[in-house]
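The values are calculated or read from the model by the stated rules, or taken from the named source; none is laboratory data. Nothing here was measured: the structure is a model prediction, and the numbers come from that model. Using ideal geometry, Cβ is built from the backbone for each residue, glycine included, and neighbour counts are taken over all protein chains shown.
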Amino acid sequence: MMRFTLIIFITSILTLISCEDIVSVEDISENQILTLAPSQNAEVTEGNITFTWSQVPFVTTYEFQIATPSFTNALEISETDVVSDTMSTTMTVDKTLTPRNYEWRVKGLNSSYETAYTTNILVVIPENVIVADLEVQLLTPEENFITTETSILFSWEELENIEQYRLIVTNINTDTVIYETLATSMQRIVTLSAGDYNWKVRGENETASTIYVERSLTIE
């Protein structure tokens, strides 16, 4: 009889512990995931992209998805990534994406509840689009430079993702191209005669080029 009573007592204790565990699960359904990067409507270049969001208290796992072009009109939805919570204050997922329009979303879960999805729009663009927006920073000679020297050092700063630079020197009075070259270095020495000149440089790679940046000089 005592043994039977002891079994009932232990069973009751275990039942109470289980009930307490169930009651102690935090309701996270009203919480919101704060996405950090890429930001809403961000434009990023193709390749490896790191998605980041803030940790939410009492969340044990996160579900991460990507759709193109959107979740409501999805042509493709990625497999769901299940990310376990860590001691870090931020969570990350790395994905390699090609140029397209995307939406990405993430939600948090625990054993009993889940948050709503937080969804961001993302545009992935080809690398050459970024190149086209760059400008070469000219160094020498300075704007409206006047000199009696005929050997002129043309120089400029290096640009990332640029393979070569096109330098063009034009005689302003005759509107004639005096010198043109493609250079892999960031300088060229050119011998000119007396006159007024315009010189300009742009960066180029296999698929795109930057806009020209130009200056003028006078040789007396």
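Looking only at residues of region 132-178 that are among the small types (Gly, Ala, Ser) and in a strand (DSSP E or B), we find that the one that is nearest to Ile189 (Cα to Cα) is Ser151.
Quick check: anything in region 126-136 in contact with a Phe, Trp or Tyr (Cβ under 7 Å, 6 or more places away or on another chain) and crowded, with 16+ Cβ neighbours inside 10 Å?
For region 126-136, residues in contact with a Phe, Trp or Tyr (Cβ under 7 Å, 6 or more places away or on another chain) and crowded, with 16+ Cβ neighbours inside 10 Å: present.
Would you confirm whether any residue within region 122-145 is among the aromatic types (Phe, Trp, Tyr) and farther than 20 Å from Pro69 by Cα? Among the residues of region 122-145, at least one is among the aromatic types (Phe, Trp, Tyr) and farther than 20 Å from Pro69 by Cα, which makes the answer yes. Do you know which residues across region 43-102 are touching a residue at least 24 places away in the same chain (Cβ under 8 Å), part of a loop (DSSP other than H, G, I, E, B) and within 15 Å of Thr118 (Cα to Cα)? Residues satisfying the conditions are Gln55, Val56, Val59, Ser70, Phe71. Candidates Ile219, Ile162, Ile146: the one that is under 25 Å from the mean Cα position of the chain (by Cα) and either crowded, with 16+ Cβ neighbours inside 10 Å or of a type in the set (A, V, I, L, M, F, W, C) (or both) is Ile162. Here the condition is being under 16 Å from the mean Cα position of the chain (by Cα) and acidic (Asp, Glu); of Glu43, Glu79, it holds for Glu43 alone.
Applying the set (1) assigned by TED's automatic domain parsing to the domain that holds Glu214; (2) under 14 Å from the mean Cα position of the chain (by Cα); (3) of a type in the set (S, T, N, Q) to Thr140 leaves exactly one unmet item: (2).
Yes or no, residue by residue, for (1) touching a residue at least 60 places away in the same chain (Cβ under 8 Å); (2) touching a strand residue (DSSP E or B) at 6+ places or on another chain (Cβ under 8 Å); (3) not charged (D, E, K, R):
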site: Asn120; (1), (2), (3): yes, yes, yes
site: Val123; (1), (2), (3): yes, yes, yes
site: Thr140; (1), (2), (3): no, yes, yes
site: Val177; (1), (2), (3): no, yes, yes
site: Arg188; (1), (2), (3): no, yes, no
site: Arg215; (1), (2), (3): yes, yes, no
site: Thr218; (1), (2), (3): yes, yes, yes
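Filtering region 190-203 down to residues that are charged (D, E, K, R) and surrounded by 16 or more Cβ atoms within 10 Å (Cβ to Cβ), which residue is nearest to Leu217 (Cα to Cα)?
Here the answer is Lys200.
Run down Asn41, Asn101 and say which single residue is modelled with pLDDT under 90 and within 17 Å of Ile125 (Cβ to Cβ).
On the way: Asn101 fails: modelled with pLDDT under 90.
Within the list Asn41, Asn101, the selection yields Asn41.
In the set Ala183, Ala208, Ala194, only one residue is modelled with pLDDT under 90 and among the aliphatic types (A, V, I, L, M); that residue is Ala208.
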